[in-house]
Each structure stands twice: as C-alpha cells, then as structure tokens.
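All remarks here apply to the structure that follows.
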Amino acid sequence: MFWRKSLPPGFDPAIYLELNEDVRLAGVDPSKHYLNFGRKEGRRYWHENESDESGFWDKARLCGLLSVKFNLKRYLEITTTTTGAKYPETAKLGFKNRKRVVYRLNTKMADGLPVDYSTDGDDTSQCLIDIRRDGHSFDLIFVDPHHTYECSYRDISEAFDLLEPGGSMVVHDCRPPSEETATPEFKPGSWCGVTYKAFVDFVLANPRLDYFTFNVDFGCGVILKPKTILQKAKCRAQAKTDLALRRKWDTDSRDPEKVFRTFKANEVALLRLVDFAGLREKVNS
C-alpha cells in the first residue's frame with residue numbers, strides 16, 4: 001500500500017468512512033482525507049467497542065501474534081520496494097531463520113537491511129530456485145505483492161508451496177475499501193489492486209487449506225496449512241460447505257464489470273472475515 005508511512009498502523013478506510021459519514025458522502029479518498037484533515041480533527045478510525053489498542057493493529061502485529069500463538073520460528077517475506085515495509089519489526093520476534101524476497105528492486109531498500117533474494121523485474125523464478133537450492137523452510141510467510149493479479153496469485157501460490165505443514169501465511173490488502181483502490185492496473189495513491197481476487201481465487205480452489213481474514217490494515221488474509229489428518233479432513237469438509245459460494249464466485253468473477261461488486265456483496269463469506277473476537281477464537285482454538 002502507498003501512504004503507509006504516513007497513515008497510522010491499523011488505519012482501515014472502510015471503518016473510517018463508516019464512522020465519518022460526511023467524508024463518505026463527499027466521496028473523497030478516506031486515506032487522503034485522514035492525512036489532510038482527519039488527524040488534526042481527531043477523527044476515529046476504529047470502533048469504540050474494540051480494544052483500546054485496536055487502532056494500532058496491522059500486518060506486523062498479526063504476524064507477531066501468529067508466531068507466538070503457533071510457535072512459528074522461520075520467517076519469509078515476499079514484497080516489492082513499495083509494499084511490505086515491516087521487515088525490521090520481525091527482528092524483534094525471535095525468528096531462528098528470517099529471509100526476504102524483494103522483486104521490482106530498482107533502488108536500495110529504505111530500511112537498509114539485507115535482501116536475501118531479489119530481482120529488478122516481476123519474474124521471481126530464479127529467487128524461488130535459489131531458496132529451494134539453499135534448503136530453507138518456513139512456517140510463517142508474509143506476502144505483500146505487487147497488486148496485479150498475476151503477481152498476487154503467483155506469490156500466494158508459491159508461498160503456500162514453501163510453507164511447512166502447520167505453518168501460517170499472511171497476505172496483505174485482501175479487503176480494498178473501494179472500487180477506485182481495486183483497479184487491475186497501478187494508480188497513484190492508495191492502491192490495493194486485485195490482490196483480493198487472487199486471494200479469493202486461491203483459497204476457494206484449494207480444499208487443502210484453512211483460512212480467514214482479519215479485518216484490519218486493508219484486510220489481512222491468513223492461510224493455515226494443515227498438518228494432521230483431522231485438520232485436513234476439516235478443511236475438505238468446509239470446502240464442500242463452500243461449494244455454492246465457489247460456483248457463484250467462479251461465474252461472477254469472470255466479468256470485470258461485476259467482480260468487485262460481487263466481492264463487496266459477499267466479502268464476509270468469501271474472506272471469512274473476522275473481527276477481534278473472531279481472531280481470538282481462531283488463535284486459541
């Protein structure tokens with residue numbers, strides 16, 4: 001996401017518009033409005049009934065929670081120079097192995113930390129070959145892709161293949177706040193692209209996984225790779241329950257004029273969207 005350095009962690013444009021009706025009715029970009037006016041006016045961007053710290057939740061804190069709750073120690077980050085931006089924070093989580101892949105790398109990383117695997121274009125195939133050649137394995141993978149469909153689907157799919165059974169993957173920007181932020185092609189400003197579509201396509205097509213989406217920081221999709229026979233059976237059973245949803249999505253998502261409207265109308269079910277209470281249930285079950 002762009003504007004990330006200026007927006008507070010956990011800023012959710014959808015919630016900001018929900019809580020500030022005048023901004024919604026004006027039809028302005030919620031991120032720009034907060035930066036230009038909302039911060040000085042003390043406007044809220046999280047619900048009062050959530051934890052006092054809810055406004056500070058973001059993708060990095062979610063990765064930290066998963067690492068602690070599920071004892072995940074080997075971390076991989078797949079990003080570009082304009083996405084991610086949370087790698088330094090993983091240093092505080094005690095990972096035994098911490099690597100990152102950066103593509104579209106045409107300048108130095110702002111954090112000044114090493115990049116283990118990189119390419120200046122979109123093709124990450126050599127990076128993946130090198131990771132496998134070096135024998136690395138990972139139980140927590142954070143994916144914040146270039147938000148085209150091709151890059152997003154590839155990064156999610158490859159990350160899942162690299163993920164160890166029992167591991168977790170976090171995918172950023174799975175819940176774009178508006179159609180303007182969800183264009184297939186890059187546009188300056190707050191751009192989530194179509195990572196949401198790649199995420200939904202991938203999880204609905206794979207009965208071998210469990211997933212949910214935490215409703216903060218533009219939507220953080222969490223994919224869980226089952227380890228036990230019982231976990232795998234539960235995933236297959238849930239996939240059968242979702243069959244009608246998958247068929248509807250497969251049909252409607254082919255139409256570029258309808259896909260985002262279909263997504264917004266069914267996002268709770270498609271994303272298995274959870275709030276803070278739902279997150280607590282997921283990580284404590």
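The values are calculated or read from the model by the stated rules, or taken from the named source; none is laboratory data. Computed from a prediction, not measured in an experiment: that's the story for all the values here. So basically every Cβ, Gly included, is an ideal-geometry build from the backbone, and we count neighbours across all protein chains shown. All accessible areas refer to the heavy atoms of the entire protein, side chains included, with ligands and DNA or RNA removed. Shrake-Rupley method; radii C 1.70, N 1.55, O 1.52, S 1.80 Å.
Quick rundown of the values:
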item	result
Cα gyration tensor category, rounded, prolate or oblate, for segment 207-261 with a/c compared to 1.5	oblate
Among the listed pairs K227/K282; K86/K264; K32/K258; K73/K240; K59/K197; K59/K92, those beyond 23 Å (Cα-Cα)	K86/K264; K32/K258; K73/K240
Full-extension gain in nm, S285 to K258, via 0.36 nm per residue minus C-alpha separation	6.1 nm
Protein accessible area in segment 220-281, 1.4 Å probe - carbon and sulfur %	55 percent
Solvent-accessible surface ranking, highest first, for K234, K225 at 1.4 angstrom	K234, K225
Label-reachable residues, segment 135-158, where backbone N falls under 20 Å from a point 7 Å from K96's Cα toward its Cβ	135-142
The chain - share of DSSP beta bridges that are antiparallel (%, nearest 5)	30 percent
Accessible-area value, R44, 1.4 Å probe, nucleic acids and ligands omitted, Å²	80 Å²
Solvent-accessible area per residue, Å², over the chain with all protein chains present [probe radius 1.4 Å]	48 Å²
Pairwise centroid distance, computed over Cα atoms, of segment 201-234 with segment 162-180, Å	9 Å
Accessible surface of R74 - all protein chains present, 1.4 Å probe, nearest 10 Å²	70 Å²
Heavy-atom accessible area order for F138, F37, largest first, 1.4 Å probe	F37, F138
Segment 107-205: C-alpha gyration tensor shape, a/c 1.5 cut-off, then a/b vs b/c	oblate
Normalised contact order of the chain, rounded percent, pairs of Cα under 8 Å and 6 or more residues apart	16 percent
Cα gyration tensor shape of segment 85-129, rounded if a/c is under 1.5, else prolate or oblate by comparing a/b with b/c	oblate
Linear extension gain, A265 paired with S137, 0.36 nm per residue minus alpha-carbon span	42.3 nm
